[in-house]
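Input: a single structure, listed below in structure tokens.
Each value in this text was obtained by applying a stated rule to the coordinates, not by laboratory testing. Here the structure is a predicted model, which is why all the values come from computation and not from measurement. Heads up, the Cβs are rebuilt from the backbone with ideal geometry, glycines too, and the neighbour counts pull from every protein chain shown.
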Amino acid sequence: MLAQIAGPAAAVRAHEELFAYWASLRSAGRLPGRRDIDPARFKRHLPTVSLIDVRRDPSEFRVRLAGTGLYGVFGREITGLPIEQVYGPEAPAWRRELQAVAERGRPAVGLTPLAGRDATGLSVMWLRLPLASDGRSVDMILGYDAVIGALRGAPSGIRAA
């Protein structure tokens, strides 16, 4: 069974809420860190929230924490896994997206159809928010994924907004 399915408008509202919360934690151009995040502030979104560790030398992205709703999206527990094991053939595209968030320190948002995961007609509207324990160097990414009905004409793969 997939995670809770939302309409596109509800997914956009959730993204706006999480982005506004994240933006409210920025101070003097500095990024918030994990310690600044209070999960109680977005409790209803926790089932499809994730934290992704950003490691350098060598570059690696690993899921530190995955909400219980993501089990239904991926069909298994993804906590502790590197993105190559989470996304399989889609991992190179996800690596590019996460690398851009980590290098630029800017959020990213997009839409990924779930075709091929026994979920034809469904998509994930995703949001990735950079976190930096020192306020500058991204060392973690806060993710939010909303499963929605597929949008007509949506291409396969990742489409960044």
Subject >> In sequence order, calculated HN-Hα J values of the range 69-84 (Karplus, 6.51, -1.76, 1.60; Hz; x Gly/Pro) >> reply: x, 6, 4, x, 5, 9, x, 5, 6, 10, 4, x, 8, x, 4, 4
**OP:** Return the distance in nm (one decimal) between the two label points of a simple spin-label model at SER24 and ASP53, each offset 7 Å from Cα along Cα→Cβ.
**Re:** 3.0 nm
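Rounded, prolate or oblate, given the Cα gyration tensor of the range 1-109, with a/c below 1.5 counting as rounded? List each step's numbers first, then the result.
Details: a/c = 1.64, a/b = 1.04, b/c = 1.57.
Cα axes put the range 1-109 in the oblate bin.
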Subject >> Dipole magnitude (debye, nearest 20) for the range 5-160, charges at Cβ of Lys, Arg, Asp, Glu >> reply: 300 debye
Original post:
What spacing in nm lies between the two simple spin-label points modelled at ARG13 and ALA100, each 7 Å away from Cα in the Cβ direction?
Top reply: 2.8 nm
